[in-house]
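The values are calculated or read from the model by the stated rules, or taken from the named source; none is laboratory data. Here the structure is a predicted model, which means the values were calculated and not measured. Methodologically, a virtual Cβ is constructed for each residue, glycine included, from the backbone with ideal geometry; neighbour enumeration extends over all protein chains shown.
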Amino acid sequence: MNSPKFDYELFFELTADLFCIAGYDGYFKKINTSVAKVLGYSMEELYSRPINDFVHPEDKFTTAKVREQLHQSKPLLNFENRYLTKSGETVWLSWTSMPVDSQQVVFAIAKNITHKKEIEEQRNSLLSQLSLLNQELKQLTFSTSHDLRAPVNNLLLAFDLLDVNKIEDQDTLELILLLRNSGRKLSDTLNKYVDVLKERHEKETAIEKIYFQSSVDQVLDSIKTLIVSSQASIQTDFSRAPQVEFNGPYLESIFLNLITNSIRYSKPGVPPQIHIRSQIVQNGVQLIVEDNGLGMDLDKMGHKLFRINQSFHGHSESKGIGLYLVYHHITGLGGKIDVESQVNQGTRFTITFP
């Protein structure tokens, strides 16, 4: 029985995914029309130029490093990078690639995940804004409840100073007693609110002994893909001060924001190197996080470094929230943070825990 004949070329063209065969020389050897549709270039333009010409400038170095791994006959799964369309728009692609060393080519399939990335970015931005708004509302509620106690207590004191025995008018006496009782109930309610808010705040900011290595390992595991794709080198040394008394979620947030910032603001073409260490000083334990990244001019930027919605290098993914959170996590529990940085010389954050 003869097996049916299939038009495999038709399958190659009908799929919505981006199919391509790329040569080890860095050029497309065969692509389907989906590649042209997504990137907006003609087939002739895509064949005539190196693939790296279409990669987003900030992802060229990482993509080149990953391509070197492919040329070592290592398959690639779910690698995400950005491309620029002919009209200048950014698209996110997720690649699965298989090298064929004998033919010096790579078979690759990409999915357009731009919409997914946009949704994730919007979600993260909303979550950050909601978190900040929630903190501000908590602070406002606490301050309002606390600050109202003083005038209410003054009012009750005034009532206590009144000699009701000298008041002959029965209606006036009843009104004063009603106001005094209402004031006492209001005072009791405010005291309850303050106690509840204080108890809740103490639970959220519970202090415990935390091992630095355990905390940073949790964070590194959560951003493993980012570390691999950026070729980042992260070295830790907590031998001098292995643990600290602090809030666990706050410490993980500090590690997360400082490490991802170091990777995000690395110098083009230079793999990020991040060194994290701890030490004991006279007034407590210090955590030092330093990198070899772009750095910054603190004379110009230092005064607004920890303010909300501040971005210093024009990075598309920067929302100006990370350092704001780091600052408030540390200072909110009685610690302090210092910064040393020079343009193109990297940045060092020194955190002194209370």
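Scanning the stretch 55-79 for residues that are at pLDDT 85 or above and touching a Phe, Trp or Tyr at 6+ places or on another chain (Cβ under 7 Å) yields VAL55, HIS56, PHE79. Among all residues of the stretch 158-170, there is at least one that is in a helix (DSSP H, G or I), modelled with pLDDT of 80 or more and over 27 Å from the mean Cα position of the chain (by Cα).
Rundown of residues vs (1) modelled with pLDDT of 90 or more; (2) of a type in the set (Gly, Ala, Ser), yes/no style:
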{"site": "VAL244", "(1), (2)": "yes, no"}
{"site": "SER262", "(1), (2)": "yes, yes"}
{"site": "MET301", "(1), (2)": "no, no"}
{"site": "LEU305", "(1), (2)": "no, no"}
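A search for C-beta distances below 7 Å between a residue of the stretch 264-283 that is under 10 Å from GLY346 (Cβ atoms) and any residue that is loosely packed, with under 15 Cβ neighbours inside 10 Å and of a type in the set (D, E, K, R), counting only pairs 6+ apart in sequence or on different chains, returns nothing.
Can you work out which of the residues in the stretch 234-254 that are out of contact with any strand residue (DSSP E or B) (no Cβ under 8 Å at 6 or more places or on another chain) and in contact (Cβ under 8 Å) with a residue 24 or more places away in the chain is surrounded by the fewest Cβ atoms within 10 Å (Cβ to Cβ)? Among those residues, the one meeting the criterion is SER253. Within the stretch 245-303, if we keep just the residues that are part of a helix (DSSP H, G or I) and over 21 Å from the mean Cα position of the chain (by Cα), the residue that is nearest to GLN231 (Cα to Cα) turns out to be LEU298.
Number of residues in the stretch 96-108 that are touching a Phe, Trp or Tyr at 6+ places or on another chain (Cβ under 6 Å) and surrounded by 15 or more Cβ atoms within 10 Å (Cβ to Cβ) equals 2.
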